[in-house]
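Undergrad: Sending over a structure as structure tokens; questions will come in a sec.
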Amino acid sequence: MTLHLVRGSGLIILLVLCTFYPFFSGEYDALATPLSGMAQVLGVLGLLFVPVGVLWLIYELRKRARAKSNLSTKARGYYFALASMVVFSLIAIAVSFGAFLSQGLSFGFLTLALCFYVASRLTPGLKSLKHAEEEGFNYVPLYLVLVPGMVLIFQLALAPRATNFSRNRAIAQSAELIGDIEKYHAEHGRYPASLLALHKDYKPSVVGIEQFHYAPNGEAYNLFFEQPTFLLDFGIREIVMYNKLDEHLMVSHAAWILTAAPEQLAARQGWHTSHDASSQHWKYFWFD
């Protein structure tokens, strides 16, 4: 029982760490967001394991009780294991498709190949159940019930804190960049036309945030970054932006900038919700 407790706890911790990895302090990691997305899919779709796990657990408890009374029980463990493999296959397809959408065809195929490998390692155990029922208590249904449930609970409970932490961390890290931009303005009487360069130099220091973006805007400028989000935010993309004059401008499509009049851009930027961030002159916008 102790061994299974350690294994289950380790699996839960691994999935939770993968989920929140993009929100940690550290150097940017391009794989952090897709890994988080896959862990989140496992947390949500993993609930499909729970009904199978509950029925299998009831069967195992009943089998144990009947064994203590020297009564036989019709072997059904194979059918529960087979149902679990079917659920696993469906989740594997969903995770691989998500990997394809986020990182491209090659990453999707690699994810699918990894899922096939895991399935191949589980298949011998499935075949053994078909020919001989395990005499002792089978702990697999406990994994099916507890692991996805606990992972989802952690995801729901910690998501707001993780989002606020990473957003505030990146905002705090922008202080040096803003100071240097203002210093440039004081020395040259204008803001730089662009900060386009091979090396960005100023880093958000959040694993899931690649860089700060800069664009002149009227008498000031917009400084912004894209904040990692959760699948449970239902496809929201969050842009966090600074404008010292509170004239924030973030539009959905580059074509709008080229074809729309300034007043049209101000009225129709594409975001559906805006919020004041924790620091002055910072806002964050939610796009579909």
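Undergrad: Cβ under 10 Å from Phe225's Cβ, Phe225 left aside: what net charge do those residues give with Lys, Arg +1 and Asp, Glu -1? Before the final figure, lay out the partial values.
TA: Numbers: positive: Arg167; negative: Glu210, Glu226, Glu238.
Charge balance near Phe225 sits at -2.
Undergrad: Mind checking which lysines have their C-alpha under 23 Å from Lys74, skipping anything on the same chain fewer than 8 residues away?
TA: Lys63, Lys127, Lys130
Undergrad: Separate question: Which of the helices in the chain, when you take each full DSSP H run, stretch at least 24 Å along the axis at their Cα atoms and have an average Kyte-Doolittle score of 0.0 or higher? Before the final figure, lay out the partial values.
TA: Details: long enough: 2-20 (27 Å, 1.83); 49-68 (28 Å, 0.29); 77-103 (38 Å, 1.67); 105-131 (39 Å, 0.83); 140-173 (46 Å, 0.87).
Going by DSSP H runs, the hits are 2-20, 49-68, 77-103, 105-131, 140-173.
Undergrad: Here's something else I'd like to know. By a straight-distance test (C-alpha under 16 Å), which aspartates and glutamates pair with Lys68 as possible cross-link partners, with residues fewer than eight away in the same chain excluded?
TA: Cα-Cα hits under 16 Å: Glu60, Glu134, Glu135.
Undergrad: Please work out how much length the chain gains when fully extended from Val6 to Arg169, using 0.36 nm per residue of separation minus the C-alpha to C-alpha distance, in nm with one decimal. The partial results should precede the final answer.
TA: Values: separation 163, 0.36 × 163 = 58.68 nm, distance 3.31 nm.
Result for the pair: 55.4 nm of gain on full extension.
Undergrad: How much length is gained on full extension from Leu47 to Ala197, taking 0.36 nm per residue of separation minus their Cα-Cα distance? Display every interim value, and only then the final one.
TA: Values: separation 150, 0.36 × 150 = 54.00 nm, distance 4.58 nm.
Contour length minus the Cα-Cα distance gives 49.4 nm.
Undergrad: Straight-line reach from Lys283: which lysines have Cα under 17 Å away, leaving out those fewer than 8 places along the same chain?
TA: Straight-line reach from Lys283, under 17 Å: Lys244.
Undergrad: In addition: Please list, in order, the residues from segment 237-262 whose amide nitrogen is less than 11 Å from a point placed 7 Å along the Cα→Cβ vector of His213.
TA: 238-241, 250-254
Undergrad: How big is the Kirkwood radius of segment 2-158, worked out from every pair of different alpha carbons and given in Å to one decimal? Intermediate values should be presented prior to the final figure.
TA: Numbers: mean 1/r = 0.0587 Å⁻¹.
It is 17.0 Å.
Undergrad: Using the Kirkwood formula over every pair of different C-alpha atoms, what hydrodynamic radius in Å results for segment 182-264? Walk me through the numbers before you get to the answer.
TA: Details: mean 1/r = 0.0672 Å⁻¹.
When all Cα pairs of segment 182-264 are included, the Kirkwood radius is 14.9 Å.
Undergrad: For Leu55 paired with Glu263, estimate the spin-label separation in nm (one decimal), with each label point 7 Å from Cα along the Cα-to-Cβ line.
TA: According to this spin-label approximation, the distance is 6.4 nm.
Undergrad: Further, regarding this structure: Among rounded, prolate and oblate, which fits segment 140-180 when a ≥ b ≥ c are the square roots of the eigenvalues of its C-alpha gyration tensor, a/c under 1.5 means rounded, and a/b larger than b/c means prolate? Present the calculation step by step, with values, prior to reporting the outcome.
TA: Details: a/c = 10.31, a/b = 4.79, b/c = 2.15.
Because a/c hits 1.5 or more and a/b exceeds b/c, segment 140-180 counts as prolate.
Undergrad: Further, regarding this structure: Could you tell me the distance between the Cα centroids of segment 202-263 and segment 57-110, to the nearest Å?
TA: If you average the Cα positions of each part, the centres end up 43 Å apart.
Undergrad: When you take every Cα atom in the chain, what is the radius of gyration, and what is Dmax, the widest Cα pair distance, in Å?
TA: 25.4, 91
Undergrad: For Ser106, project a label point 7 Å along Cα to C-beta. Then give me every residue of segment 27-51 with its amide nitrogen under 17 Å of that point.
TA: Counting only backbone N, you get 30-32, 34-35.
Undergrad: Mind checking the full-extension length gain between Phe137 and Arg237? Use 0.36 nm per residue of separation minus the Cα-Cα distance, one decimal, nm.
TA: On the way: separation 100, 0.36 × 100 = 36.00 nm, distance 4.62 nm.
Between Phe137 and Arg237, full extension yields an extra 31.4 nm.
Undergrad: Would you mind computing, in nm to one decimal, how far apart the modelled labels at Thr123 and Ser25 are, each placed 7 Å from Cα along Cα→Cβ?
TA: 4.7
Values quoted throughout were computed directly from the atomic coordinates according to the rules given, and no laboratory measurement underlies them. Only a predicted model underlies this, so the values are computations on that prediction, with no experimental measurement involved. Quick reminder, even Gly has a Cβ in these numbers, built from the backbone with ideal geometry, and neighbours come from all protein chains shown.
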